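The numbers here are math on the coordinates, done by the rules we state, and not lab data. Keep in mind the model is a prediction, meaning the values are calculated, not measured. Every residue, glycine as well, gets a Cβ built from its backbone with ideal geometry; the counts of neighbours run over all protein chains shown.
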Amino acid sequence: MRAEWRDILRSTPMRLTLRLVALFVLISLLTFAATWWLANKTLLDAAESTLDVELDELSASGNAAGIIAAVNMLSAKAEPEDMILRYESANGIVGNYREALPGNGLREFDPTDRSDDLSDRYIVKSRDVPGGVLTVGQSADAFDELREVFGQVLSYTLLPTVLLVLAAGMISARRSARRLAAIEDTLDRLRDGDLSARLPGMPGPADDLSRVGTGIDRLAEAQQASTEALRQVSADIAHDLKTPIQRLSVQLAEARDELPNGASTVALDRAEAEVAGIVSTFQSLLSIAQIEGGSPRARFAPVDLSALAATMAEVYEPAAEESGHNLRIDIGRKAKVMGDRALLGQIIANLIENALRHTPAGSDVALTVDGSRLTVADSGPGIPVDEREKVLRRLYRLDRSRSTPGSGLGLSLVDAVVKLHGGTLELQDNAPGLRVEINLAET
Ligand SMILES: Nc1ncnc2c1ncn2[C@@H]1O[C@H](COP(=O)(O)OP(=O)(O)OP(=O)(O)O)[C@@H](O)[C@H]1O
Ligand SMILES: [Mg+2]
């Protein structure tokens, strides 16, 4: 789950969203700052002109006594919460605010000794007038309100917009993550050889990802068609050559009959053995093609794997004895698998034959069935890791097996049959020797 979210955060739509959100927030904040500065300045200008008017009126008399009288009169009327007045002259301080009031000119002032009838902050202006310094201040509530309004605008517009855009980005990122996962899945299946793999239908409108998906589907289709064509050609060749080769073996038999009594048949024997090898190779090629075509699946029925293995072990017992191998069978849990009995018997036969043929006399060969798992292990030379995939190819044989009989089709057939049954095939190291493990599906 966490990995999924990390993927989403790293996805292109999410990155784009985050970048857009950052840009949007930056632009919004700049606009807000500019507006804030302008509004603040306008308010401040307005406050200054009001204060100037007050200062003009209060100092109109032009002498200290007149200013004191005017200040006292206005102080009596004005609420200190709205307006503060202070006149400092040689005769002392008059007005409704007599504490210290530092600074000069236009400024903000925050009364430290805050009594109930004072505002939080004031905009004050001091001016040198006849006899002393006159200061008039008005409450800065308007500024605080402005600040509040700005704060509200910010939280009511910016925050929801950011959240909405983020949510939208997340949704589209999740959607494209799902599409990507489907594409990756299909690519994996294609890589594993399932050329019939296609992308599942993608809900929603077409986008660049679905175009990539369509491209992959087309590629897979072309690949499947050409593989199919190749398969068809090899099957056709095998099929078309079968009859002439069978005729050849008949002709060889006739030639043998026509030989004068006592003549040597060595050359004929060799030719006949060769033809028999060719016939069996073609037969194997044809059956692999047929199995890969998937047609025999209709014949599937429950097969008792352990009974089948026991039969095969019995069949090969004499051959193993003759070649000096110790063939052993181990039956664990009994289970039935859905499959083609003849083909499953064929793969057990191929694996036992390989173990007998490709390991020296005296080697152990163990056939084990446990549930739907079948293993054939021997103590021979084994197959090097980098060759294990290759020996599954048609006609591929290890260099050291060139002199042993066989055509390199046995393991291809095993592989094809296992795939037909939806099982898995693994060639492992038996240290020493080869261990072939096949896992099928239980009924
Ligand atoms: N048990 C084994 N131990 C060592 N090498 C093996 C074993 N089984 C198979 N091999 C190697 O893998 C190659 C391919 O095996 P595969 O069964 O496909 O062909 P083959 O046995 O040579 O011929 P055939 O078509 O008659 O089976 C063999 O030629 C051999 O080199
Ligand atoms: Mg073989």
**In degrees, nearest ten, helix 410-420 long axis to first principal axis of the chain (Cα)** = 50
**Asked** Cβ under 10 Å from GLY339's Cβ, GLY339 left aside: what net charge do those residues give with Lys, Arg +1 and Asp, Glu -1?
**Response** +3
**Gaussian network model of the chain, springs between alpha carbon atoms under 10 Å - residue of ALA307, ALA255, ALA361 with greatest fluctuation** = ALA255
**Request:** Evaluate the charge dipole of region 1-191 about its Cα centre and quote only its size in Debye, nearest 20, assuming +1 on the Cβ of each Lys and Arg and -1 on the Cβ of each Asp and Glu.
**Result:** 2020
**Cα-centre dipole for region 297-439 with unit charges at Cβ (Lys and Arg positive, Asp and Glu negative), debye to 20** = 560
**Prompt:** How do THR135, THR161 line up, fewest other C-beta atoms within 10 Å first?
**Reply:** THR161, THR135
**Request:** Could you list which residues have their amide H under 5 Å from that of ASN96, counting only those 5 or more apart in sequence or on another chain, with H placed in the peptide plane?
**Result:** LEU85
**Prompt:** So which trypsin sites (Lys or Arg not before Pro) in region 112-157 are both in a DSSP loop and have at most 12 other Cβ atoms within 10 Å of their Cβ?
**Reply:** ARG114
**Prompt:** Given the convex hull of the Cα atoms of the chain, what is a quarter of its surface area in nm²?
**Reply:** 39.7
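Just add up the charged neighbours of HIS325: K/R +1, D/E -1, any other residue whose Cβ is under 14 Å from the Cβ of HIS325.
For residues surrounding HIS325, the net value is -4.
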**Request:** Go through region 202-219 residue by residue and turn each phi into a ³J(HN,Hα) via Karplus (6.51, -1.76, 1.60, θ = phi - 60°); whole Hz please, and just put x for glycine and proline.
**Result:** 9, x, x, x, 5, 9, 4, 5, 5, 5, 4, x, 4, x, 5, 4, 5, 4
**Fill in**
In this structure, the FRET efficiency calculated for ALA361 and ARG299 from their beta-carbon separation, with R0 = 45 Å, to the nearest 0.05, is 0.75
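Using DSSP to define loop residues, name the trypsin sites (Lys or Arg not before Pro) in region 227-327 whose beta-carbon has at most 14 other beta-carbon atoms within 10 Å.
Nothing satisfies the criteria.
Lysine pairs in the chain 8 or more apart or on different chains: how many have alpha carbons under 28 angstrom apart?
So the count of such lysine pairs works out to 7.
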**Request:** Divide by every residue of the chain the summed helix terms, -39500 (n - 2.57) for each DSSP H run of at least 4, and state the resulting mean residue ellipticity at 222 nm, rounded to the nearest 500 deg cm²/dmol.
**Result:** -19500 deg cm²/dmol
**Prompt:** Among SER176, SER89, PRO13, whose Cα lies farthest out toward the positive end of the dipole of the chain, if unit charges sit on the beta carbon of Lys, Arg (+1) and Asp, Glu (-1)?
**Reply:** SER176
**Item:** For VAL303, distant residues with modelled amide H under 5 Å away
**Value:** VAL337, MET338, GLY339
**Prompt:** Top mean-square fluctuation among LEU427, LEU398, LEU101, Gaussian network model of the chain, C-alpha springs under 10 Å?
**Reply:** LEU101
